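The values are calculated or read from the model by the stated rules, or taken from the named source; none is laboratory data. Keep in mind the model is a prediction, meaning the values are calculated, not measured. No Cβ is skipped: glycine too gets one built from the backbone with ideal geometry, and neighbour counts run over all protein chains shown. Note: accessible area is taken over every heavy atom of the protein model, side chains too, but ligands, DNA and RNA are not part of it. Shrake-Rupley method; radii C 1.70, N 1.55, O 1.52, S 1.80 Å.
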Amino acid sequence: MSRKMLVIGEARDGALRNVTFEAIAAATKVSDGGEIVGVLCGSENLEEMGQEMVYYGADRVVTVQNNKLTTYTSDGFGQAVMAVIEEEKPEGIIMGHTAIGKDLTPKLASKLETGLISDAVDIEETGENMVFTRPIYSGKAFEKKIITDGLMFATIRPNNIKALNRDDSRSGSVSAKEVDIADLRTIIQDIIRKTSDGVDLSEANIIVAGGRGVKSAEGFKPLEELADVLGAALGASRGACDAEYCDYSLQIGQTGKVVTPDLYIACGISGAIQHLAGMSNSKVIVAINKDPEANIFNVADYGIVGDLFDVVPKLTEQIKEI
Ligand code: FAD
């Protein structure tokens, strides 16, 4: 059964986040040949980004440009996306399970009085149904869900559903929609970023993460060098954050970010269950720890028993030579 799908795009620093393209791929699957309509909210650059969504599989894109949408607020984006939903009347909606997706989609679902499957890592078609797979119990198990009624509304975890290939011969309209946005209840005055402009942790293909074993803020230096040569993002355990070796924005785990990179290199991390909840679904896990009994080795594909201050610089040197 073909369905018209809406994909809510997400941009950061003027460029679309990769999860937007993954959401288009997910929507294409769910649509079963139905139309894919992208929606983009913001205050600039929307036409260009809308075109990019078309290249990645959207049939057309509706943009809502307004100065009240310069930075994300659930209030402003909620009003803008609702106006598009009311006009387009889609049969399904897909968005990335990002900080914004997690905030916006439940609000939309409640306004639309429909269900929402959050954090899907896979979507497959079996018979009549679209089956969404999502992790439960901090990633220790997976459940499969179907939607029997209402909108096919889901968020997808970044880095799990492969984006379609970019095809710049694709054509589709990018049209602007005027939405009269009521005064916002929250106005963002300024955003103070704590992390550097490095690779985005939740979308990174490679992550080098440090734990309490790095012993100090200085101890992150060798990890930063390894991350640099690999083009990786830097992450951390809560142990390292609590010890003030790094900022909490790097924290991975149950109460931090959930990541699924192709390669996760854990350095001086013991592998507490709360840390594993955020990274155990990574495709390849390398653990460096001087304790051969460390729990991290139970989830690692490759383990190096050794002092990270010896091992990490050697790895960096070797990789530089490749
Ligand atoms: P440790 O457990 O102290 O491990 C340090 C490791 O470094 C050890 O295995 C040691 O052998 C190794 N090491 C030491 N020196 C070296 C060296 N020179 N070379 C190599 N290895 C070395 N934790 C998270 O990470 N993320 C979360 O989101 C999270 N949420 C939590 C939520 C709750 C409700 C609770 C109760 C806890 C949570 N925790 C979380 C904390 C978690 O339980 C652990 O305390 C934490 O993950 C430990 O961090 P760590 O592995 O860096 O430190």
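Here are some notes:
- Checking every one of the chymotrypsin sites (Phe, Trp or Tyr not before Pro) in the stretch 129-161 against DSSP loop status and a limit of 11 other Cβ atoms within 10 Å picks out Y137.
- Helix-derived mean residue ellipticity, 222 nm - over the chain, DSSP H n ≥ 4, -39500 (n - 2.57), to 500: -8500 deg cm²/dmol
- Cα-based reach from K29 at 17 Å (exclusive), listing aspartates and glutamates while leaving out same-chain residues under 8 positions away: D59, E91, D119, D122, E124, E125, E128
- The count of lysine pairs in the stretch 178-322 with alpha-carbon distances below 27 Å, taking only pairs 8 or more places apart or on different chains, stands at 18.
- Cα centroid separation, the stretch 274-322 to the stretch 199-225: 12 Å.
- Whole-angstrom Cα spans of the stretch 88-166 along principal axes, big to small: 35, 33, 32
- Protection-proxy order for peptides 21-31, 310-320, each taking the mean of Cβ atoms within 10 Å per residue, highest first: 21-31, 310-320
- Ordering of 248-258, 80-90 by packing is 248-258, 80-90, highest average first (other Cβ atoms within 10 Å, averaged per residue).
- Per residue, the chain exposes 49 Å² of solvent-accessible protein surface, assessed with a 1.4 angstrom probe and all protein chains in place.
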